[in-house]
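J.: Pasting a structure below so you can have a look.
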Amino acid sequence: MVLWLGPDDTLYLPHWGASGGSVAEAYLPRVSPNRPSEAGFLDGQPLAYPAYGMSTFKEPCLVVQTEGGARGVRFEFVSDAIDGDSLELQFQDPLLHLQVTLRFRVYAVLDLVARSVLLRNLGSQTLLLERVLSAALPLPPDQYDALTLHGQWGREFTLHQQPLHPGRLTSGSTRGLSSHEAHPWFAVRPRGEQAEHHGRVWFGSLAWSGNWLLVFDGERNDALNIVIGMHPFDFSWRLGPNESFESPELVCGYSEAGIGGASRLLHRFEETHQLPANHRERPRPVLYNSWEATGFDVQVDQQVELARRAAAMGVELFVVDDGWFGARDHDRAGLGDWTVNLQKFPNGLRELIDEVHRLGMGFGIWVEPEMVNPDSELFRAHPDWAYHALDRTATLGRNQLVLNFARPAVREAIYSQLHAVLSEHGRVDFVKWDHNRAWTEVGWPEQPTQQREVWVRHVLGLYEVLGRLRAAFPHLLIESCAGGGGRADLGVLRWTDQVWTSDNTDAADRLTIQYGYSLAHSPRVMVNWVTDVPNAQTGRVAPLEFRFHVAMQGVLGIGGDIAEWSASDLASAAALVAQYKQLRPLVQHGRQYWLRPPAAIGPCGVQYVAEDGAATAVMLYQVRGLRGAGARRMRLRHLQAERGYRREADGVKSTGAALMAAGITADLVNTGDRHPTLDWRSSVQVWRAV
Ligand code: DGJ
């Protein structure tokens, strides 16, 4: 990444990509103005952080207004400082008395740079911040394709690729959370360079769990200006004298190993820098979650029975989902009252917790702390604690309202309830932190001056409460959930250890969802459950083994009603859990290569390989096959070419070179079964160097 300070103190970012030496001038683009009379305009130039007030029509990163109504920022360079791997460039606007510090944190081994901006008001007047994006990333004139992840509840992380044309293509969320609909991640590649394993890719992931905006700003000279950060929608922030405001980090990078190479850099970043340090390296336990089995009808005896069956299957963590607290017999009541429901647990939670621990498993519970049902003690006592517009009735979503986490009193009340639950019933090892409705009518009538700050203050408040819980209960693993993968961003992964990927547990749909998710996030933070058939969301019936093989791609969970499973299914499940535990170091701590992405018809495959290449697990799937189609070969990656390898299941031998050159046959078509079927085929094989 080359930065260049122009003679007028404009900061340029003329190059990010392949390394070719450090002479900045060599990279400077020759941009001639469209008309000689426009020589003073900066359009088409690769600006590192365009602000409203500079002579450009680009999508700006920064918009500031004074209380008197003056608008526009101009940068004067003040100083530069390098501290370890961080570069800070300080600018100032002497008229606004605004200090702007552009930060570049370099992760050299990972080819990543984390960018953010810090604003400080050095004057005596309050400044209104209307837009503070994290970074601009310019690319030189060319034809590009954009890759983004989109969806909705039950269909998160679908990969979309589209050509970028002149003009603006935007993505983002104004739903309060990073959202199911769009994920704060992007990749860009030159049109025509489209391989999984080859080709240049520029990419970024925003560490923010609230509203966000991404703009691909195609300039008139075919240059590209990408900007990303907190969404300016309904946002303004009063920055008083001496106050600071910091943007979230954008983690961005460049790879020449295609979209797969980009994904592995982001995985490593999460695994080595972003995830909470105390559990970063910890293998994520195989979990059981009771939601699809028992819904709200949670009872102590029935949970104990599920726990016994789960333990016999080899499960390591037993999680009671929704329904254990307050008057939570359905989704119309209880949220906000985080005390144990004594009809369901007459002796409190300790009875179940002790039994789960005695069975050798960790114990976890579900919570949804940012929400409240109108039918709850909390709401009856504090109706004003939920977002509401003055004199208007707030719209319910899933019969609930959103608590105003911008208010310190709300955070304190929720934190102390959670603290009590986590400390008064025995050791709780795990919390699933859910969030089941988007925010509407985000009003705080009692505090009009902070009204347009709530979107941001809420998210900062969420991080604060998560941080306090982590400090108070360092052993606790926390899972982020928002009706599935609605809040799965790099921001929340600083405070939580894993993510519930989607409420859609259909194994066929999951392949697409998990593929998209895995472009942005590590397998170590992707939780997948094996549930019952017919599938609750799609009615499809996939074989048990297929469901397990798909769920093995990240953190394995079981989410079916195992009280109803046959003895033979329970035995198969135990064997598959044992198999997963053998693979787990490769899946959770290895490198991931998609050998062939999921397709509607035909095989797909994914490989997890140890850092040193000495062992690999290959997972192959075919939801639907085409009669007569020949078996596809899948060439393995990242092995040691000169070494011999042995397939664990049958002792077949090969060499690293052969496995990488010729590959293995995805023999999912002609199975030799008595009743061969082309559909729902899967296999998992492990190869180890000998
Ligand atoms: C949505 C989650 O994604 C589900 O797994 C479950 O926890 C329900 N909420 C419970 O209400």
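J.: How much accessible area per residue does the chain have, in Å², with a 1.4 Å probe?
T.: 38
J.: Among 522-529, 591-598, 606-613, 656-663, what's the highest-first ranking by average C-beta atoms within 10 angstrom per residue?
T.: Numbers: 522-529: 24.9, 591-598: 21.1, 606-613: 19.4, 656-663: 16.6.
Listed from highest to lowest mean packing, they are 522-529, 591-598, 606-613, 656-663.
J.: Now a separate question. Say R0 is 56 Å: what FRET efficiency, to the nearest 0.05, do GLU642 and ASP80 get from their beta-carbon distance?
T.: So the FRET efficiency works out to roughly 0.75.
J.: Relative to the present Cα-Cα distance, how much length would full extension add between GLU412 and GLN161 at 0.36 nm per residue of separation?
T.: Extra length available between GLU412 and GLN161 comes to 86.0 nm.
J.: Given R₀ = 30 Å, FRET efficiency for HIS475-ASP297 by Cβ-Cβ distance, to 0.05?
T.: Taking R0 as 30 Å, the efficiency between HIS475 and ASP297 is 0.50.
J.: Something else now. Under 13 Å Cα-Cα from LYS344, which aspartates and glutamates qualify once same-chain neighbours fewer than 8 residues away are excluded?
T.: LYS344 reaches ASP297, ASP301, ASP322, ASP329.
J.: Provide Rg and Dmax in Å for the chain, with only Cα atoms included in the calculation.
T.: Considering the chain through its Cα atoms, Rg and Dmax are 26.4, 83 Å.
J.: Which of rounded, prolate, oblate describes the range 1-158, given a ≥ b ≥ c as roots of the alpha-carbon gyration tensor eigenvalues and a/c under 1.5 marking rounded, otherwise prolate only if a/b is larger than b/c?
T.: Judged from the Cα gyration tensor, the range 1-158 comes out rounded (a/c under 1.5).
J.: Here is a further query. Percent relative contact order of the chain, based on C-alpha pairs within less than 8 angstrom and at least six residues apart? Before the final figure, lay out the partial values.
T.: Working: 1651 pairs, mean separation 69.4, N = 690.
Value for the chain: 10 percent.
J.: Quick check: net charge around HIS183, other residues with Cβ under 9 Å of its Cβ, Lys/Arg +1 and Asp/Glu -1?
T.: Taking every Cβ under 9 Å from that of HIS183, the sum is -3.
J.: While we're on this one: Which FRET efficiency value, to the nearest 0.05, do you get for GLU377 and GLU243 by plugging their Cβ-Cβ distance into 1/(1 + (r/R0)^6) with R0 = 35 Å?
T.: 0.45
J.: Roughly how many Å is it from the Cα centre of the range 345-398 to that of the range 286-314, as a whole number?
T.: So the two Cα centres are separated by 19 Å.
J.: Among the aspartates and glutamates, which fall within straight-line cross-link reach of LYS581, defined as a Cα-Cα distance under 17 Å, with same-chain neighbours fewer than 8 residues apart omitted?
T.: Qualifying aspartates and glutamates at Cα under 17 Å: GLU281, GLU316, GLU545, GLU648.
J.: Treat every Asp and Glu Cβ in the range 582-667 as -1 and every Lys and Arg Cβ as +1, leave all other atoms uncharged, and give the resulting dipole magnitude about the Cα centre to the nearest 20 debye.
T.: Roughly 300 debye for the range 582-667.
J.: Considering the Cα positions of the range 551-603, please state its Rg to one decimal place and its Dmax as a whole number of Å.
T.: Spelled out, the Cα radius of gyration and Dmax of the range 551-603 are 14.1, 37 Å.
J.: Using 0.36 nm times the number of residues separating ASP8 and ASN278, minus their current alpha carbon distance, what extension gain do you get? Intermediate results must be reported in sequence, preceding the final value.
T.: Working: separation 270, 0.36 × 270 = 97.20 nm, distance 4.63 nm.
92.6 nm is the gain from fully extending ASP8 to ASN278.
J.: Working from the alpha-carbon coordinates of the range 411-488, get Rg over Rh, Rh being the Kirkwood radius.
T.: Looking at the range 411-488, the ratio lands at 1.02.
J.: By the gyration tensor of its Cα atoms, with a ≥ b ≥ c the square roots of the eigenvalues, what is the shape of the range 365-458: rounded for a/c under 1.5, prolate for a/b over b/c, or oblate?
T.: Prolate is the answer for the range 365-458, as a/c is 1.5 or above and a/b outweighs b/c.
J.: Taking all protein chains together and a probe of 1.4 Å, list LEU169, LEU576 from the most accessible to the least accessible.
T.: Working: LEU169 50, LEU576 15 Å².
If we order LEU169, LEU576 from most to least accessible, we get LEU169, LEU576.
J.: When Lys and Arg each count +1 and Asp and Glu each count -1, what net charge do the other residues less than 10 Å away from VAL555, Cβ to Cβ, add up to?
T.: For residues surrounding VAL555, the net value is +1.
J.: Quick one: putting +1 on the C-beta of Lys and Arg, -1 on the C-beta of Asp and Glu, what dipole do you get for the chain around its Cα centre, in Debye to the nearest 20?
T.: On the way: 65 positive and 78 negative charges, 364 e Å.
For the chain, the charge dipole is close to 1740 debye.
J.: Right, something else. If you take every residue apart from ASP489 with its C-beta less than 15 Å away from the C-beta of ASP489, what net charge results, scoring Lys and Arg +1 and Asp and Glu -1?
T.: Result for the local shell: -3.
J.: Which residues among the range 112-126 fall inside the zone where the amide N is under 16 Å from a point 7 Å beyond the Cα of SER19, along Cα→Cβ?
T.: Only 112-114 pass the distance filter.
J.: Sticking with the crude label model, points 7 Å out along Cα→Cβ, report the distance from ASP667 to ARG332 in nm, one decimal please.
T.: Going by the 7 Å Cα→Cβ label model, 5.9 nm.
The values are calculated or read from the model by the stated rules, or taken from the named source; none is laboratory data. The model shown is predicted, which means the values in this text are computed figures rather than measured ones. Note that each Cβ is placed from the backbone with ideal geometry, even for glycine, and that neighbours are counted across all protein chains shown. For the accessible areas, the whole protein counts, side chains as well, though only heavy atoms, and no ligand, DNA or RNA atoms are used. Shrake-Rupley method; radii C 1.70, N 1.55, O 1.52, S 1.80 Å.
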